[in-house]
Amino acid sequence: MTSDRWQSLRALPLSPLTHLFDADSARVSKFGLEQAGIYFDFSKTHLEDKTVAAFAELADEMRLSNRVEALLSGEPINISEGRAAEHCAERGIGSPASVDNAQALHQRMKSLVEIIDSGALGEFTQIIHLGIGGSALGPKMLHQALKLGDEKYELEVVSNIDGVALEPILERFDAGKTLLVIASKTFTTAETLMNARSVLDWMREEGVADPLGQVVALTANPEQAVEWGVDETRILPFSETVGGRYSLWSSIGFSVALALGYEVFENMLAGAAGMDQHFQDSPWDQNIPVLAAFADQYYAQIRGCETRAVFAYDERLGLLPDYLQQLEMESNGKSVTLEGEKLTLHSSPIVWGGVGTDAQHAVFQLLHQGTHLVPVEFLAVAEAGDSLDPAHHNGLLLNCFAQGAALMAGKESDDSHRNYEGDRPSVTILLEDLEACSLGALLAFYEHRTFVNAVLLNINPFDQFGVELGKQMANELADDDGNRLDASTEELKKRAFGA
Ligand code: F6P
């Protein structure tokens with residue numbers, strides 16, 4: 001039945017974008033939706049009334065309403081791990097017990113921010129936040145987006161096991177004034193714990209009498225943090241039901257709350273809650289995350305697009321593509337359905353991107369004239385983030401808008417080398433300003449869009465078993481327990497470490 005629905009979606013006639021505009025004078029208002037000071041322009045996608053209607057029928061067939069309800073009421077929808085996915089409870093939407101729990105844990109986090117701010121634990125001015133994946137990408141991206149540069153604390157987020165990432169920070173920081181924040185949901189992640197040990201060694205070498213006294217742990221496994229040596233009063237737990245890539249809203253946001261102020265964190269939660277409400281209440285054809293997912297599925301399944309490119313026309317949002325890569329690819333990069341059967345649709349597109357205008361001079365050639373059809377997402381902020389000549393920001397925005405227009409319009413030339421086919425889709429997301437509230441709403445939009453895509457694909461977006469095998473093999477290689485791996489890997493190991 002569902003495959004029939006996909007067949008009928010594939011059978012819909014394809015109209016070029018410019019024809020869609022010519023045929024419907026209301027297209028811009030119909031496909032331009034606003035929420036929380038963010039304007040989402042889907043008009044330059046191939047969505048039209050009949051596509052939206054067909055996808056809405058598919059959504060009903062996939063019981064999207066029930067799935068949204070299940071997500072937002074804390075049902076155990078992460079079926080492979082038998083638990084709920086309760087990131088929205090952090091923002092106030094969920095089962096009453098989970099919302100209460102999240103609020104109590106936020107309160108605890110707020111108190112610790114106040115205690116540290118008061119100087120009661122030491123005169124800290126520098127923070128090293130250690131974590132990886134969801135325990136680093138969100139805090140790092142948020143901090144880069146919202147910092148003003150005059151904050152009381154200097155924050156560095158380090159994730160890689162490569163000492164090249166950590167060493168320059170240790171050379172620059174003052175051990176006595178450094179707060180070490182260890183962020184790990186499981187508190188077992190090799191990279192994070194190795195970096196943490198190195199920071200503690202450095203503190204000791206620099207004469208800090210009690211390095212563990214300068215540690216805060218953010219984790220869903222507090223017992224493990226205690227065992228590791230962190231004092232219980234400085235452990236900020238969060239719920240096991242908050243997934244790593246959805247954990248920014250939990251105590252994983254602590255370093256940002258400390259560095260930028262707790263109210264920034266609260267505003268981010270409030271912005272996200274507004275988007276949650278919109279997602280919960282809006283009909284599919286007015287529902288921003290749902291429409292975005294319809295467009296995603298249209299390009300992935302009907303037009304065969306294997307990637308989606310995201311370009312932030314704002315340096316402050318430069319880490320957003322990295323954040324979205326984990327959110328979308330770790331969530332929806334799956335090969336089996338909820339029932340465990342082989343997925344016959346394309347799973348998550350490969351999400352890639354960069355910063356405009358830089359990317360225009362590097363990768364846009366392919367977007368305009370390459371043989372791949374790549375749906376592009378542009379992000380821009382109307383309010384400038386700098387105080388230089390307004391020509392800078394105006395130029396930035398104009399470039400952003402021009403790219404979307406050029407991709408769509410194309411330009412005919414008798415010289416085939418100079419011909420632009422056009423009809424290349426884009427979505428433009430224009431934020432009024434870049435504040436904690438709007439950023440919170442934007443990130444919640446991406447989470448819900450990822451969820452809707454998963455529902456339409458009938459997959460579980462909340463597990464990530466695909467990352468385990470590589471971790472296991474790294475341990476096996478390190479153990480050198482006589483179990484031979486393949487000959488190529490053995491040779492690489494021999495060359496790197498000697499026989
Ligand atoms: O290896 C993948 C992963 O489990 C991500 O899902 C997670 O965000 C990251 O590692 C870090 O895990 P943890 O927070 O448990 O250290």
Averaged per residue, what accessible surface does the chain expose to a 1.4 Å probe, in Å²?
44 Å²
Show me 463-469, 385-391 ranked by packing, highest mean number of other Cβ atoms within 10 Å first.
463-469, 385-391
Eligible lysines near residue 30 by straight Cα distance, threshold 30 Å, same-chain separation 8 or greater
44, 50, 411
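In whole Å and largest first, what semi-axes does the C-alpha gyration tensor of region 22-102 yield when each eigenvalue is scaled by 5 and square-rooted?
The equivalent ellipsoid of region 22-102 has semi-axes of 34, 18, 9 Å.
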Rg/Rh of region 106-199 (Cα atoms, Kirkwood Rh), to two decimals, equals 0.95
What does the highest-first list of 305-315, 362-372, 268-278, 61-71 look like by mean Cβ count within 10 Å?
268-278, 305-315, 61-71, 362-372
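Can you give me the relative contact order of region 1-148 as a percent, contacts being Cα pairs under 8 Å and 6 or more apart?
Details: 84 pairs, mean separation 16.0, N = 148.
This gives 11 percent for region 1-148.
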Can you give me the solvent accessible area of residue 330 with a 1.4 Å probe, rounded to the nearest 10 Å²?
50 Å²
The alpha-carbon center of region 239-310 and that of region 388-459 are separated, in whole Å, by 17 Å
Leaving out ligands, DNA and RNA, and with a 1.4 Å probe, what % of the accessible surface on the chain is carbon or sulfur?
51 percent
In deg cm²/dmol, rounded to 500, what helix-only [θ] at 222 nm does the chain give when every DSSP H run of at least 4 residues adds -39500 (n - 2.57) and the total is split over its residues?
-13500 deg cm²/dmol
When all protein chains stay in place, what accessible area (Å², nearest 10, 1.4 Å probe) is found for residue 417?
150 Å²
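Only four residue types carry charge here, +1 at the Cβ of Lys and Arg and -1 at the Cβ of Asp and Glu. Report the dipole size of region 283-387 about the Cα centre in Debye, rounded to the nearest 20.
Values: 5 positive and 14 negative charges, 75 e Å.
My answer is approximately 360 debye.
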Taking placed amide H atoms and a strict 5 Å upper bound, the residues 5 or more places from residue 236 or on another chain that come that close are 217, 218, 219
Quick check on region 1-158: of the DSSP beta bridges with both residues there, what percent are antiparallel, nearest 5%?
50 percent
Tilt relative to the chain, helix 137-146 - C-alpha long axis, 0 to 90 degrees, to 10
80 degrees
So how exposed is residue 420, as accessible area in Å² (1.4 Å probe, rounded to 10)?
100 Å²
Could you check what % of the DSSP bridge pairs in the chain are antiparallel, to the nearest 5?
25 percent
Expected unfolding gain across residue 366-residue 416 under the 0.36 nm per residue rule, minus the alpha-carbon gap, is 16.5 nm
Put 132, 116, 161 in order of accessible area, largest first, probe 1.4 Å, and you get 161, 132, 116
Tell me the Kirkwood radius of region 376-499: reciprocal of the mean inverse pair distance over distinct alpha-carbon atoms, in Å.
20.3 Å
Kindly sort 57, 412, 232, 156 by accessible area of their heavy atoms, largest first, with the probe set to 1.4 Å.
412, 232, 57, 156
Report the per residue volume, in Å³, of the convex hull enclosing the C-alpha atoms of the chain.
180 Å³
Calculated FRET value between residue 486 and residue 194, using beta carbons and R₀ = 30 Å, to 0.05
0.70
Starting from the residue with the highest accessible area, list 5, 108, 204, 495 in decreasing order, probe 1.4 Å.
495, 204, 108, 5
In region 175-199, whose amide N lies under 14 Å from the spot 7 Å out along Cα-to-Cβ of residue 226? List them in ranges.
none
C-alpha center-to-center spacing [region 70-98, region 131-184] in angstrom:
30 Å
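The values are calculated or read from the model by the stated rules, or taken from the named source; none is laboratory data. Because the structure is predicted, anything quoted here is derived from the model rather than measured. Counting neighbours? That spans all protein chains shown, and the Cβs are built from the backbone with ideal geometry, glycine included. Heavy atoms of the whole protein, side chains included, go into the accessibility calculation; ligands, DNA and RNA do not. Shrake-Rupley method; radii C 1.70, N 1.55, O 1.52, S 1.80 Å.
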